[in-house]
Every structure is written in structure tokens, then in C-alpha cells.
Amino acid sequence: MQVSRPSRYLGGELGSICKDDVGIEVRMALAFPDVYEVGMSHIGFPILYNILNSLDWVAAERVYTPWADMEQWLRDNQQPLCSLESTLPLNQFDIIGFTLQYELSYTNLLTMLNLGEIPLRREQRNENAPLIVVGGPCAFNPEPLADFFDVALIGDGEEAVVELVELVRRAKQEDWSRKKLLQQLAGREGFYIPQLFDISYQEDGCVETITPLQQGYDKVRRRFLNDLETAPFPTRPIIPFMETVHNRVALEITRGCTRGCRFCQAGYIYRPVRERSPEKIQDLIAESLENSGYEEISLLSLSTGDYTCIEPLLQQLMAKYVDEKVAVSLPSLRVGSLTPELMEEIKKVRKTGFTLAPEAGSERLRELINKGISVEDLLETTHNAFQLGWRLIKLYFMMGLPTETDTDLQELIELAAQVKRSGKGTGGHDVNVAVSTFVPKSHTPFQWEEQIGIEETLRKQRLLRDGLTKKKLRFKYHGAESSFLEGVFSRGDRRLSAVLERAVELGCRFDGWRECFDFSLWQQAFADCDVEPGWYLRQRDEGEILPWDHIDCGVPKEFFLAERHKAFVGTATLDCRDGSCHGCDLCDFKELRMRQIDSAQDVAIVEKESPVVVEQLTRVRLKLSKQGRARMVGHLEYLKMFQRAVRRAKLPIRFSQGFHPMPKISYLEALPMGVSSEAELVDLELLSHVPADQVLDGINIQLPEGFKIVESEIIPWKSPSPSASVASSCYCVPLPESLSENLSDRIVSFLDADQVLVSRVKKGIEKQIDIRPDVLELSQVGAELHIELIKGSPLQVAANLLEIEVEVVRRLGMRKTGITLKG
């Protein structure tokens, strides 16, 4: 293929929404500055996509950063970056909204603007250019990007994004200037307009003043969603063709955390705690599973174990979906919230790895960061986990925390060894230790602290690696250079915009991907712009104006300073869930307040009514066509897509036995990517009888564009599998005129040969294979080459006959036209 993983760029997934132009007044591109499979796993995107597309006059579409090969293809063919839904070029949208999840994605944002033929810098764009909006956690210090965007949405976006499109709609109707639109947005809570603030710097490089240029616009207060219970959630998710990072029903059960870990930005910028009720959670999950066919539910929160009703909720969900082979996972668990009963429930679906985050190895440092985990609690938890059947425990730590010494790191090594020893006598006790470098973040008590540099990071990593290896513990760590760069931008200012622009010119992309990150290019960019990056890692003075001081996260700077002082004397701040208010001044205790479920006992749990199934084993054979964009869906992606369609069709499919039960569905051997088909076979094993035409209709409704079942029949239970049933397959290749010359002679030579050897490279090893035995018939019919094969790839045969590369053949539009069954 010209590009790897083409299903990244197909669009047309089930659940995606493509509106025509009729009645559309505002078009917004939701842009994720990373590849499709990462962006599709982000929970915020589908929420905004659903909210915006529920408005008749708005069309919201998606766009992701193309991988290097696709970027090159776009540039070589002078094609702009387009949305997935309508393939509209990026520069034709009214608004482009980027989510900022990670500082090392900033170069991808600029690359997307460039590929969309949009000038990078705000002052270079005209009145007709799209409005560039950013949001997400990194928007709480958006200053390194401030010269590139028009608006930053600070805080929760569910309600604010509607106000945004309403104002843009009004601006278009009343022919406002860009300046007036931005002034109007500045009057709404949560919208930061960087050009309405002037920043000056002292000779030593520190910020001297942050001067507002619009009266009354001194600070930008974060936007709050008061109640998660009534917040919209998309129960008709987009079902990707490819396997994404998190391919499951992911439901936010709680937003916010009040544990008060002093390093954790999310714990402060997502306050207060707002919980969904178990009834609402169950309703949303039931609808989402019905509309998706997913095999896993993930209950999301900054600390899922702290959810008030987690144990009864988990018990009910697992009992409800056990027969449907749907697993339930809790990705964020905290030692203090793990009761033996909760661990017993988790064990039923998660035995491969158990993840805990002590964050610091010594009791002293855990007190400093307000983690509140004792060694005794940790070891009791890990011992119970090993005893309940887990064989691997993963521990997450940070190094480079304020006041850390080598003694603290030695305690980290010893603590990890104690965790390993806690599994003795339980049948297995592997421990993985992952250590990241502490990166101070804005809007935290540690926003003033120094970050260790590259050399010190490498020294500490060597110390840990040597010590952990001696204890027979596996060690993983973040790259020193990437952590350095993250630190520069996490507390950076507007002067870094020139560095970003230069880095993109030099070729920096996907800096969060180890295989793409090139620190030497960044070093050149900093040097070219005369910027000393290490300066941004320094300790800040408490009286210093910070680049993000005009962004109000709801928690005042004075609170962060008080927490910083408490850290250095080892004073704990208790969780305000327990009734002890932090005094962070965020809540008004009326609308904006902590919203928790009262108690687990008072919750009415929705019970499942299990249908009575009379077992009557039935085998149904389907004939399926694969046309258009579907031909670019890979074989493994096709299998997963079809399994989920069967789930959504609610057919009584049989499952295999074992810990990972799989639906009993059989397919033909893999069709080469890029080849369309009119004759794919699929066999379903059902627990009870369903008429063949009902199976056909039920699945066809659930299939995405390009896939269609054209025939269905009940076959004997003991029938051979689809692959074993096929005697031969027929293919047709359209022939360009230049390739038709002397083809008939080459066909005769091929058929007369005893063997035809071709080279195939697999896993980097070149092998010679004989393709002659699998070819039954070859013929030229007009401007087409017809091939009949017993098995194997028709691409190799056609490439040999036409004397061209396999990838060229793939682009000719080959199609599978039929099959001949045995007997």
C-alpha cells in the first residue's frame, strides 16, 4: 500500500455522522493532534461530537494527524488535509477545535494546520480563515501556542462548545468582524483570547507584566459543568474499523478528585467531585453496548475505587453481563480504596496485571506529595492480589520529586522488592516497576519547583536500573530527553512559539512516539531561535508572575502556596470527601459543589431479565460482498467489525470456552487489502434456531457502508468450515492498455511452467515461493485478466504476469468475483 494502516483515513464508520449542506450554518472540525487510533480512544471527543451534531444547523466532523507516510502522500499529490466525514478540506471549516492532552503533541497541531493550508500564526490569517480553538488539560497553560490559536476553552466543554457555535453562527448572520467575535467570546466564562493580553518580560527572562487589553477581562475563569448526572453522553458511539488504543464502552462515572496529591494537575483542574448515579451509569452502559457490540466496559475516573457505590455497581454490572461475555475494567485504582471485596470482584475480569501507583518510594516523599499510602497498606494489598490469583503487579513511581535524595531512590528499590516478596507462597510474584520523571505542572502546589535535567535524569535511571536488576525486578522508564521537552512546554511562555514553528520546519512530528522523537532537531530549533530550554526547568520564585497567572482554574494561587509550604513540613491535607473542606475556595456550595451519591444502600440497582433460550444448535452460512472503502479494511479489522455487528444484531451466538471466550464465527482465508469481493463466506454457530433471512436482515442493518450480506442459508451442523468448503476462487484485474501487450504469451508460458518462483519478504526475511500449483486457470477477457486460484494471493500471480510490483497491482482495482464450492 502507499500508506500503512489505511483504515485510519477511511471514515464511514458505523455511528459516524455525515450531514449534507442543507440547513448547515456552522461547520466545526474536531481535531486530535495524534493518529486516529489514539484520538478515537479519547473520551471527550465523542461527547462533543454528539452534542454538536445534535444541533440541526451544526456539522461536526473529525480529523486526526496523518502518519508520516500519509503526510508525504498528501504533500506529493498537493492534497489538503480533509475531514473523515465529508472529506472537506480543513481550511473550509468555520471552526477547528484542537484538544491538547499532551505537550509533545504541539508539533502535530502545527503540522495539521500546515497540511490544511491554514497559515500557522494568527496574525497571518485573514477574516475568512477558520477560528482556531484549543481545549483540554494543556489549555490551562496554552502560552507556548498562544501565537497560533484564536481561542482557548478553559475547563469543561459540554455547555461552552454550544455557546461557541452559537456565537459563530450569529457572527456569520450579522457579518461581524473577527475582532468583534473574539470580543464577544471574551465576555463568556471560560474563553481565553490571547490577543487580548499583552505580555512583557524582564531582562532576566521572567514575565514582567500580563496586561489585559479589554476592560474587565483581567482573568479567564475556568468553565464548570455543575452536574455530571444530567450531562449528555453518546450512547451511539462511532465504531472504528481498526483496533484503537481503547476500543470499548468507556464511561466517566466520576469527574474530579479531592485526594489533593500535590503533583497532580488533574486533581485541581477537574474539581469538584461529581458522580453519576448507578442507575444512570447502568442505563448509559446498556444503551452503549446495544449500539456498539463492544466486549468490554471501562468505568473511568481519576480514582475509580473512590466512587461511592463502586462495589455494588461492579457486582451488578458483572452479574448482568456475564452471559454476554462482556468484561468490566477499572483502569484507575488506589491502594486506599481497594477493599478485599472489591479486589475479589476485579479478579474475575483482570488477572493479567494489577497496577498500583505509590508514586514515591519513601514514606517521607509520600507525605510531601500528600499521597497518603503507607507501606503496610501497600503490602497488604499486593499480598491479597497475589493470593487472589494475580501473577504480575505493576508499580508506578516518579523520580526527581522536590527534595528527593538517592536514599529515597534506594527506598523505592527496597519497597518494590518488598512487594515482590509479598507474593511468596502464592504461586507467582512478578513485579514491573515503571518510573517517570517528575514534570511540574501549572495550577499545582509544585508549579514553582525545579525539574531535574537530562544528565541528572540519566544518573537516577542508572541507579534505579542497577538496584532493581539486582532484585530481579523489571524496570521501565520515560526517555530523559522527552521528559525534558515536556517540562519546557508545560511551564513555557509565548517565546516558545518560534521554537515550535522552527521544530516543525525541521521535521519534528509525533514527539510523544519514541520511534519518531529526534531530540537533535529540537536542540537545533532552540539554538536557531536563541532560546535556552533549561531555563524553563528552573525553580520559580514564589513572588514571580507565572505565564499562566491570568488563567483561573478556580483554585487560587494562595491555596497552592499554602499547600507548598505544608508539603515541606510534611503536613497532610485530608480528602474533603470525608467532610474536611480543603478551603480551596472553588465551591459555592449551591450550584458548584461536590455531588456524591448518598450511600450504596439507598441505590436501586437495575436487575437484568434473562431471556429463556431453548438450545437448538444452528449453523448459518452467509455470503458477503466487500466493496468501496470496505476493501481497504484489513482482515483482522474485518473480523472484529463483523463480531461486533453480530453482537449488535442480538443473535444467540455460541462462544468458545476458557478465560477469553470468543464468538464461534468462521471466515475464509484473508482477502488481500485493496481487493474488493463479491463472494466472502462467513459461518455462524448459533445456540438456537434463527431463520436465515432474519440473520441476513439483522446483520445487514448493523454493517457499515461497503459491507453487505447477499445470501444466507442454514447448513448442516457438521459442515466443513468456509475455507475447507471452497475449491477455488475467481479474480478479475482491470488492465491498463500499457500492460495488455504480450499478455497472452505470458499466460501461456505461466500455465506451461512446472514452477513459477517469486520472492516474498516476511518479517524481514526474503523467501522464494512457488505460486504455480495454486493457479487453475488464467485468461485475458477484453481489458481484464481473469485468475482462478485454489488458494493463495492473486496479487503475486497478477504481478508476475504483468511484470509489475505487487503494490501497483493492488491499485488497479482487483476484485474477487466468485467461488466454487467443493463437491
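The values are calculated or read from the model by the stated rules, or taken from the named source; none is laboratory data. The model shown is predicted, which means the values in this text are computed figures rather than measured ones. Neighbour counts are summed over all protein chains in view; Cβ atoms, including those assigned to glycine, are modelled from backbone coordinates with ideal geometry. Areas reflect the complete protein model, heavy atoms only, side chains present, ligands, DNA and RNA absent. Shrake-Rupley method; radii C 1.70, N 1.55, O 1.52, S 1.80 Å.
Data overview
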| quantity | calculated |
| --- | --- |
| Leading residue by the ranking (modelled with the lowest pLDDT) among those in the range 242-259 that are open to solvent by 10 Å² or more (accessible area, probe 1.4 Å) and farther than 30 Å from residue 9 by Cβ | 259 |
| Candidates 751, 812 - the one that is of a type in the set (A, V, I, L, M) and outside any loop (DSSP other than H, G, I, E, B) | 751 |
| Meets criteria (assigned to a loop (DSSP other than H, G, I, E, B) and either in contact (Cβ under 8 Å) with a residue 40 or more places away in the chain or surrounded by 17 or more Cβ atoms within 10 Å (Cβ to Cβ) (or both)) for residue 120 | yes |
| Residue count, the range 641-661 (criterion: among the basic types (Lys, Arg) and open to solvent by 50 Å² or more (accessible area, probe 1.4 Å)) | 3 |
| Residue among 517, 510, 489 that alone is in a helix (DSSP H, G or I), at pLDDT 95 or above and among the aromatic types (Phe, Trp, Tyr) | 489 |
| Leading residue by the ranking (farthest from residue 807 (Cα to Cα)) among those in the range 737-775 that are among the hydroxyl-bearing types (Ser, Thr, Tyr) and in contact with a strand residue (DSSP E or B) (Cβ under 9 Å, 6 or more places away or on another chain) | 744 |
| Any hit, the range 150-167, residues being without any contact (Cβ under 8 Å) to a residue 60 or more places away in the chain, open to solvent by 10 Å² or more (accessible area, probe 1.4 Å) and under 22 Å from residue 58 (Cα atoms) | yes |
| Where a residue in the range 524-540 is under 19 Å from residue 442 (Cβ atoms) and among the aromatic types (Phe, Trp, Tyr) and its partner, wherever it lies, is assigned to a helix (DSSP H, G or I) and open to solvent by less than 20 Å² (accessible area, probe 1.4 Å), with Cβ under 6 Å and at least six apart | 536/488 |
| Unique match (being under 30 Å from residue 532 (Cβ atoms) and more than 35 Å from the chain's Cα centre (by Cα)) among 210, 193 | 210 |
| Extreme residue, nearest to residue 818 (Cα to Cα), among residues of the range 765-799 that are part of a helix (DSSP H, G or I) and more than 41 Å from the chain's Cα centre (by Cα) | 774 |
| Residue 314, sole failed condition from (1) surrounded by fewer than 20 Cβ atoms within 10 Å (Cβ to Cβ); (2) in a helix (DSSP H, G or I); (3) in contact with an Asp or Glu (Cβ under 7 Å, 6 or more places away or on another chain) | (1) |
| Top-ranked residue of the range 24-68 - restricted to ones that are of a type in the set (Asp, Glu) and more than 23 Å from residue 251 (Cβ to Cβ), ranked as surrounded by the most Cβ atoms within 10 Å (Cβ to Cβ) | 61 |
| Any hit, the range 440-455, residues being open to solvent by less than 60 Å² (accessible area, probe 1.4 Å), more than 22 Å from residue 570 (Cα to Cα), of a type outside the set (Val, Ile, Thr) and modelled with pLDDT of 95 or more | yes |
| Single unsatisfied condition, residue 708 versus (1) assigned to a loop (DSSP other than H, G, I, E, B); (2) open to solvent by 20 Å² or more (accessible area, probe 1.4 Å); (3) touching a strand residue (DSSP E or B) at 6+ places or on another chain (Cβ under 6 Å) | (1) |
| Selected residue (only one of 373, 393 is open to solvent by less than 30 Å² (accessible area, probe 1.4 Å) and in a loop (DSSP other than H, G, I, E, B)) | 373 |
| Residue under evaluation residue 47, criteria (1) touching a helix residue (DSSP H, G or I) at 6+ places or on another chain (Cβ under 7 Å); (2) under 13 Å from residue 162 (Cβ atoms); (3) of a type outside the set (D, E, K, R), criterion not met | (1) |
| Unique match (being under 26 Å from residue 369 (Cβ atoms) and in a strand (DSSP E or B)) among 446, 484, 475 | 475 |
| Residue that is surrounded by the most Cβ atoms within 10 Å (Cβ to Cβ) [pool: residues in the range 396-430 that are β-branched (Val, Ile, Thr) and not in a loop (DSSP other than H, G, I, E, B)] | 419 |
| Within the range 640-657, tally of residues that are within 29 Å of the chain's Cα centre (by Cα) and part of a loop (DSSP other than H, G, I, E, B) | 2 |
| Cross-chain or 6+ apart pairs with Cβ under 7 Å, the range 774-798 first and more than 19 Å from residue 744 (Cβ to Cβ), then open to solvent by less than 10 Å² (accessible area, probe 1.4 Å) and polar (S, T, N, Q) | 789/728; 790/728 |
| Candidate set: the range 502-547, residues that are aromatic (Phe, Trp, Tyr) and under 22 Å from residue 401 (Cα atoms); chosen: the one least open to solvent (accessible area, probe 1.4 Å) | 536 |
| Residue 275 vs. criteria of a type outside the set (Ser, Thr, Tyr), open to solvent by 30 Å² or more (accessible area, probe 1.4 Å) and over 19 Å from the mean Cα position of the chain (by Cα) | no |
| Enumeration of residues in the range 181-224 that are basic (Lys, Arg), out of contact with any helix residue (DSSP H, G or I) (no Cβ under 7 Å at 6 or more places or on another chain) and within 27 Å of residue 24 (Cα to Cα) | none |
| Filter result (at pLDDT 95 or above, under 31 Å from the mean Cα position of the chain (by Cα) and assigned to a loop (DSSP other than H, G, I, E, B)) within the range 673-701 | 675 |
| Residue tally, condition open to solvent by less than 30 Å² (accessible area, probe 1.4 Å) and of a type in the set (A, V, I, L, M), over the range 376-390 | 2 |
| Condition check for residue 41: in contact with a His (Cβ under 6 Å, 6 or more places away or on another chain), more than 15 Å from residue 96 (Cα to Cα) and polar (S, T, N, Q) | yes |
| Candidates 664, 626 - the one that is more than 28 Å from the chain's Cα centre (by Cα), at pLDDT 95 or above and either within 23 Å of residue 819 (Cα to Cα) or open to solvent by 20 Å² or more (accessible area, probe 1.4 Å) (or both) | 664 |
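Residue-by-condition table, conditions (1) hydroxyl-bearing (Ser, Thr, Tyr); (2) surrounded by 15 or more Cβ atoms within 10 Å (Cβ to Cβ); (3) under 32 Å from the mean Cα position of the chain (by Cα); (4) in a loop (DSSP other than H, G, I, E, B):
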| position | (1), (2), (3), (4) |
| --- | --- |
| 555 | no, yes, yes, yes |
| 558 | no, no, no, no |
| 564 | no, yes, no, no |
| 570 | no, no, no, yes |
| 573 | yes, yes, no, yes |
| 581 | no, no, no, yes |
| 585 | no, no, no, yes |
| 588 | no, no, no, yes |
| 592 | no, yes, yes, yes |
